[in-house]
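Asker: I'd like to ask you about the structure that follows.
Nothing in this text is a laboratory measurement; each read-out follows from the coordinates by a stated rule. As the structure is a computational prediction, the values presented were derived from the model and not from experiment. Positions of Cβ are backbone-derived with ideal geometry, glycine not excepted, and every protein chain shown enters the neighbour counts.
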Amino acid sequence: MAMASVARRRASFAMLSVRGALGSGYGVLWGSRGFASGAEENDVVVIGGGPGGYVAAIKAAQLGLKTTCIEKRGTLGGTCLNVGCIPSKALLHSSHMYHEAKHSFASHGVKISQVEVDLPAMMAQKDKAVSNLTRGIEGLFKKNKVNYVKGFGKLLSPSEVSVDTPDGGTTVVTGKNIIIATGSDVKSLPGIAIDEKKVVSSTGALALAEIPKKLVVIGAGYIGLEMGSVWGRLGSEVTVVEFAADIVPSMDSEVRKLFQRALEKQKMKFMLKTKVVGCDVTGPGVKLTVEPAAGGPATTLEADIVLVSAGRVPFTAGLGLEALGVNMDKAGRILVDEQFKTNVPSVHAIGDVIPGPMLAHKAEEDGVACVEFIAGKHGHVDYALVPGVVYTHPEVASVGQTEDQVKATGVAYRVGKFPFMANSRAKAIDDAEGVVKILAEKETDKILGVHIMSPNAGELIHEAVIALQYGASSEDIARTCHAHPTMSEAVKEAAMATYDKPIHI
Ligand SMILES: Cc1cc2nc3c(=O)[nH]c(=O)nc-3n(C[C@H](O)[C@H](O)[C@H](O)COP(=O)(O)OP(=O)(O)OC[C@H]3O[C@@H](n4cnc5c(N)ncnc54)[C@H](O)[C@@H]3O)c2cc1C
Ligand SMILES: NC(=O)c1ccc[n+]([C@@H]2O[C@H](COP(=O)([O-])OP(=O)(O)OC[C@H]3O[C@@H](n4cnc5c(N)ncnc54)[C@H](O)[C@@H]3O)[C@@H](O)[C@H]2O)c1
């Protein structure tokens, strides 16, 4: 009932906003959508064709705004589709299948005499997934009449972007509004030169020609653990060097401990509170000198490949922001207001290049909200409810606050947990490592955070995302009928454990 009325309110709000936009001059564009030439003025010019930029461009065109998107890479989709989310998930899936075939099939009564890795075929499958998806976005641009200009964009003024095109020429694209969606790049570490051969970033790690015997990963964050898992499953000996005391510092600390144990069972080794102080590539492999973060005796790690995955930094090189006086913070992120406007009012910014989690789905939300504001509507992104997923096996997914964050607020809370060891589907498929943990306010039972470690946790989490979005209580989830036998029943049981008692444990 409550949800329906919220939806109705949203619908009427949206209709009012469209009328507002038409009244303010955008209406004349609705009947005249078409491909912009370089000389025609656009309503929106987007620099960068990643999840932030391409989604903003499509949404802008759908709102009737004449839109051009400029991308330097040669293909659309940005980091995520070309060298990020998609190729990494392709390799995670392929390597998981190999690992299952080698280590789990026999216990399910499936006998295979010889299981081998065909690395070129695995890479070709990954490349096919990437090219299908990036070409798909070109198709979406055509369908929505977004003008696509290939080349490197640079701001000349608050309404002009010069584009260095691949044929060596330059064209100028003009627009009433400009959206910077130029994303991020790998963070380099002092004294460690990335050559994408022996010392690689995630881009190199997605395209190794051989399975390294020894892989050292610097940084136990999203990229390090996902790419470490890929190569570990394919046979590499993986050591992860992490400066902090814990892996994935943003994770709920209780779930993190279980996660680290799960990865250690998969033979991933961790050197926490450790810093890299030297990197020697003169021999056949790489010699890394490491020290305790607090200081102490140095040791040497030998590796065939070193992956540098110690974070990413906003990418704004060559954009001309300084000349235009666009404000940025010390980390190089572009500062924007709640409508994604910079201090230069016609210039907006979204995605990895502004503060906030560096995630594709967050960039997409930014993109939609930004152009809704430009069209005179009401954009909205709830940064407190952006889910995070590490796509290892098991996966770890979370939304809302961790237990440490709840504690820090001083709010009295309850915790409900349910292990997948007691979930019938997980037992049936013999994949039962993990837990659902729910945190709810003690007085009102309102859910504050949900953390799931399990196979497919990245899918299971969305029930919790919706629940938090609608301000649900744990009892709301517990009293909702869940199909049997499913992994999702563990979410229901954890909710039962939060406000009362679970049945199956
Ligand atoms: C290995 C890896 C795995 C990842 N996996 C996930 C995941 O599973 N889930 C998730 O949510 N996130 C993941 N991410 C993060 C995700 O890729 C980013 O958060 C997301 O791509 C940010 O989108 P964006 O549009 O802001 O920027 P980007 O995707 O970086 O796109 C920016 C685009 O702008 C272009 N550009 C830059 N400057 C210019 C210019 N001057 N002119 C023209 N074009 C320009 C670039 O070529 C680029 O294509 C992953 C990242 C990596 C590296
Ligand atoms: N599944 C996903 O959603 C996904 C997957 C990959 C990447 N990403 C995004 O890409 C971004 C970059 O990923 P990432 O893994 O490089 O960064 P990250 O921020 O996730 O992790 C970096 C890790 O490196 C550690 N570190 C920093 N400096 C170090 C040093 N000198 N020595 C050792 N350790 C050091 C940090 O403490 C941290 O644990 C992330 O912010 C993430 O949002 C997301």
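Asker: Report, ordered by chain and residue number, the lysines lying within cross-link reach of Lys145, taken as a straight Cα distance under 27 Å and ignoring same-chain residues fewer than 8 apart.
Answerer: Once the sequence-local lysines are set aside, what remains near Lys145 is Lys59, Lys66, Lys72, Lys128, Lys154, Lys176, Lys341, Lys362, Lys377.
Asker: Still on this model: With only alpha-carbon atoms counted, please give the Rg and Dmax of region 80-126, in Å.
Answerer: 12.7, 38
Asker: Could you tell me how far the Cα centroid of region 435-485 sits from the Cα centroid of region 309-375, in Å?
Answerer: Region 309-375 and region 435-485 have Cα centres separated by 32 Å.
Asker: As an exercise, find the ratio Rg/Rh for the chain from alpha-carbon atoms, using the Kirkwood inverse-distance average for Rh.
Answerer: Numbers: Rg = 24.5 Å, Rh = 24.8 Å.
Reported Rg/Rh, Kirkwood definition of Rh: 0.99.
Asker: How high is the relative contact order of the chain, given as a whole-number percent (alpha carbon pairs under 8 Å, six or more residues apart)?
Answerer: Details: 1059 pairs, mean separation 70.5, N = 505.
Relative contact order for the chain comes out at 14 percent.
Asker: Semi-axes of region 347-429's equivalent ellipsoid from the Cα gyration tensor, sqrt of 5 times each eigenvalue, largest first, rounded to whole Å? Walk me through the numbers on the way to the answer.
Answerer: Numbers: eigenvalues 222, 70, 28 Å².
Ellipsoid semi-axes (Å, largest first): 33, 19, 12.
Asker: As an exercise, identify the trypsin sites (Lys or Arg not before Pro) in region 256-308 lying in DSSP coil whose Cβ has no more than 16 other Cβ atoms within 10 Å. It would help to have the intermediate numbers written out before the result.
Answerer: On the way: sites: Arg256, Lys257, Arg261, Lys265, Lys267, Lys269, Lys273, Lys275, Lys287; in loops: Lys267, Lys273.
Sites meeting the loop and neighbour criteria: Lys267, Lys273.
Asker: Bin by bin, in steps of 10 Å, what percent of the Cα pairs in region 394-499 do you find, going until the bin that has the longest distance?
Answerer: Each 10 Å bin holds this share of Cα pairs: 17, 52, 26, 4, 0.
Asker: Using a 4.7 Å cut-off between beta carbons, which cysteines in the chain end up with no partner cysteine at all?
Answerer: Cys69, Cys279, Cys370, Cys481
Asker: Which GluC sites (Glu not before Pro) in region 181-271 pass both tests, a DSSP loop state and at most 10 other beta-carbon atoms within 10 Å?
Answerer: Glu210
Asker: Run the numbers for Ala124 and Leu385: contour at 0.36 nm per residue of separation, minus the present Cα-Cα distance, in nm. Numbers along the way, then the final one.
Answerer: Details: separation 261, 0.36 × 261 = 93.96 nm, distance 3.57 nm.
This chain segment gains 90.4 nm when fully extended.
Asker: Right, here's the next one. For Lys287, list the lysines whose Cα falls under 20 Å from its own Cα; do not include residues on the same chain fewer than 8 positions away.
Answerer: Hits, sequence-local ones excluded: Lys197, Lys198, Lys213, Lys214, Lys269, Lys273, Lys275.
Asker: What is the pair-distance distribution P(r) of region 96-152, computed from all Cα-Cα distances in 5 Å bins starting at 0, with each bin given as a whole percent?
Answerer: Bin by bin from 0 Å, the calculated values are 4, 14, 15, 13, 11, 10, 8, 8, 7, 6, 4, 0.
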